[in-house]
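The structure appears below as structure tokens.
Read-outs: derived from the displayed coordinates by stated rules, not from any lab. These numbers come from a predicted model, not from an experiment. Note that we place each Cβ from the backbone using ideal geometry, even for glycine, and neighbour counts take in every protein chain shown.
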Amino acid sequence: MHIRIISPSGAIDPLYIDQAAARLRSWGHEVSEGAHARGAWGRFAGTDQERLSDLVAALADPSVDAILCSRGGYGLQRIIDRVPNITKPVIGFSDITALHQLSAISSQQSVHAIMCKHIATLPEDSEPLVALRRALNGEPLSYSVAPHPLNRDGSAKAPVFGGNLSVLYGLQGTPYSLQQSAISSQAPIFLIEDIAERHYHIDRMMRNLKMSGVLAQIGGLIVGQFSDCEDDPAMNCTVYETIKEAVAEYDYPVLFNAPFGHVEHNLPIWFGKEAQFSVTAEGSVLRI
């Protein structure tokens, strides 16, 4: 597989690109990088046009099989309206959620997964790396998750979509909103995660998704890690309880504390590929 590394959002330490590329090559992949992957322009990895040009070039190059985003941060909101349809798998998370959303609209599968820093620094036998290697080889993924007191039992068989809650919220009311993903016809499994958001803002975002009809149209909810999102005692509940309250009237399965998000133990998951999802009192299973 030929993997192109680009930096469509924040600037990255070039050492992580070197080390991640070396590891991917050790797995047998060909690796190239965008012309501006090591760039820096303020907080961004180059100007908007530079970052956009690398993304467009990677999509247009017939020799490139997959696109690995070097890191998240912020930047895709500034260029997403100029990105053509996604035609090959994009790998990444956090700000890369914007590209996952465009992938869903383009009917293209993508991979919510670790990026260069963790590919470079995690132990070779760590589960995120082992699972990513399997995903890149086209092998099935299967995860077991411990029970959580807020879970709601049930099962679903549908494609997975979603990503970073704040990024998805920022795309609402645009041509890249969740409603543009044809969710109503598929009742997909929705995954959310976030980092460093105020408790009340998480409530605001979940209420937006409820009032806009998104939460009524899905067939299952996976709640990943909400890292550095402190519970606010004035909200009279925890962050996870706020999320549970937003979906209380629906009957689909809900899984809390899933291993996806801004943590080292961030497992890869295919978006747009059908998954089998089961939540029981003994634990939960997700197979893709």
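Mean sequence separation of contacting Cα pairs (under 8 Å, at least six apart), scaled by the length of the range 164-288, corresponds to a relative contact order of 23 percent.
Put simply, the amide H of GLY163, placed in the peptide plane, has neighbours under 5 Å in LEU191, ILE192, GLU193, leaving out anything fewer than 5 places away on its chain. 3J(HN,Hα) along the range 169-180, derived from phi through the Karplus expression 6.51 cos²θ - 1.76 cosθ + 1.60 where θ = phi - 60°, amounts to 4, x, 9, 4, x, 10, x, 10, 6, 4, 5, 7 Hz, with x in place of Gly and Pro. Between SER227 and ARG287, full extension at 0.36 nm per residue minus the direct alpha carbon distance yields a gain of 19.2 nm.
Modelled spin labels at TRP41 and GLU274, positioned 7 Å past Cα toward Cβ, are 4.3 nm from each other. Rounded if a/c is under 1.5, else prolate if a/b beats b/c, else oblate: with a ≥ b ≥ c from the C-alpha gyration tensor eigenvalues square-rooted, which is the range 142-287? Since a/c stays below 1.5, the shape of the range 142-287 is classed as rounded.
Under 5 Å from the amide H of ALA275 lie the amide H atoms of ALA158, VAL160, each residue being 5 or more positions distant or on a separate chain, with H modelled from the backbone and absent for Pro and chain starts. Annotation for the range 165-263: trypsin sites (Lys or Arg not before Pro) lying in DSSP loop with at most 13 further Cβ atoms inside 10 Å of their Cβ are ARG198. Stretching VAL56 away from HIS2 to a fully extended chain increases their span by 17.8 nm, per 0.36 nm per residue minus the current alpha-carbon distance. What is the angle, in °, between the Cα long axis of helix 14-26 and the longest principal axis of the Cα atoms in the chain? Nearest 10 is fine, range 0 to 90. Computed tilt is about 90 degrees. Taking θ as phi - 60° and the Karplus parameters 6.51, -1.76 and 1.60, the scalar couplings of the range 204-209 work out to 4, 5, 5, 5, 4, 5 Hz in sequence order, x denoting glycine and proline. As a rough footprinting exposure proxy, the listed residues CYS229, CYS237, CYS69, CYS116 were ranked by other beta carbons within 10 Å of their own, and the order from fewest upward is CYS237, CYS229, CYS116, CYS69. Each listed q (0.22 Å⁻¹) maps to a log10 I(q)/I(0) for the range 217-274 from the Debye sum over equal C-alpha point scatterers, namely -1.01. Taking other Cβ atoms within 10 Å as a rough exposure proxy, ASP194, ASP153, ASP203, ASP81 sort from fewest to most as ASP81, ASP153, ASP203, ASP194.
Our coupling estimate for the range 240-254, obtained by passing each phi through the Karplus curve with A = 6.51, B = -1.76, C = 1.60 and θ = phi - 60°, is 4, 5, 4, 5, 4, 4, 5, 10, 4, 7, 9, 10, 7, x, 10 Hz, Gly and Pro reported as x.
The amide H of GLU30, built 1.01 Å from its N in the peptide plane, has HIS2, ILE3 as neighbours under 5 Å, considering only residues 5 or more places off or on other chains. Extent along the principal axes, Cα only, for the chain: 49, 37, 37 Å, with the longest axis given first. Principal-axis analysis of the Cα atoms of the chain puts helix 127-136 at an angle of about 70° to the longest axis. The trypsin sites (Lys or Arg not before Pro) of the range 22-65 that DSSP puts in a loop, and whose beta carbon has at most 13 other beta carbons within 10 Å, are ARG43. When the GluC sites (Glu not before Pro) in the range 194-258 are filtered for DSSP coil states and for at most 12 other beta-carbon atoms within 10 Å of their beta-carbon, the remaining sites are GLU230, GLU249. Here ARG4, ARG133, ARG82 are placed in order of increasing Cβ neighbour count within 10 Å, fewest first, which gives ARG82, ARG133, ARG4.
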